[in-house]
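Structure first, then comments.
The values are calculated or read from the model by the stated rules, or taken from the named source; none is laboratory data. The model shown is predicted, which means the values in this text are computed figures rather than measured ones. Note that each Cβ is placed from the backbone with ideal geometry, even for glycine, and that neighbours are counted across all protein chains shown.
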């Protein structure tokens with residue numbers, strides 16, 4: 001498994017399109033079979049049902065499965081899941097499995113969820129919680145989360161709006177009570193904010209902003225493997 005992850009990571013850094021070996025799925029299936037990952041274990045153990053492919057980025061398909069209730073947990077280092085899944089999404093920021101009692105560092109998009117998790121786990125000493133100082137994505141409005149992601153940098157526009165950080169965006173969110181407005185009001189305000197902040201360096205237009213946001217939000221999701229074989 002390490003060799004497959006290492007190769008995938010290397011190819012991703014190269015930024016080359018369609019360079020992954022055509023045998024990757026077969027190689028992965030073989031390694032999963034050899035490690036007995038397909039075997040159902042006791043009720044506390046996980047297993048692999050089957051590997052699946054997406055014609056485009058895997059993260060959109062994974063997020064879509066979570067939204068539908070088909071997936072309970074995502075193993076990924078991609079921060080875009082916070083944008084897709086919002087305040088009901090939490091993640092293990094760090095896990096130390098080398099000690100006798102494993103330690104976990106939990107983080108979340110919304111602090112309300114973190115409090116629920118802390119209470120549900122009865123304040124276990126090996127699980128650490130750190131509330132977000134600037135919870136800029138803690139809104140149910142997925143489009144608004146996408147606008148904010150474009151400011152801070154995300155897929156399709158990794159640089160973000162130059163010179164604008166999380167603290168500054170959160171200050172704007174609080175001052176304008178952005179999460180309390182109607183979606184249309186909030187969207188207009190955040191677009192005006194991006195236009196103002198990007199004028200000197202990025203020089204984005206409103207069409208640019210709406211196109212980038214739509215592209216981030218609507219990356220194609222193809223669950224069927226058939227499209228890859230055509």
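Miscellaneous remarks
- Listing of helices (runs of 4 or more DSSP H) fully contained in region 104-197 that carry 1 or more residues being modelled with pLDDT of 85 or more and crowded, with 19+ Cβ neighbours inside 10 Å: 142-152, 166-175
- Of all residues in region 52-70, exactly one satisfies the criterion of being at pLDDT 80 or above, closer than 26 Å to residue 36 by Cβ and assigned to a loop (DSSP other than H, G, I, E, B), namely 70.
- Taken over region 138-174, residues that are touching a helix residue (DSSP H, G or I) at 6+ places or on another chain (Cβ under 6 Å) and farther than 22 Å from residue 111 by Cβ amount to 7.
- Residue check for residue 86: touching a helix residue (DSSP H, G or I) at 6+ places or on another chain (Cβ under 9 Å), at pLDDT 75 or above, buried (at least 19 other Cβ atoms within 10 Å of the Cβ) and on the phi > 0 side of the Ramachandran plot: yes
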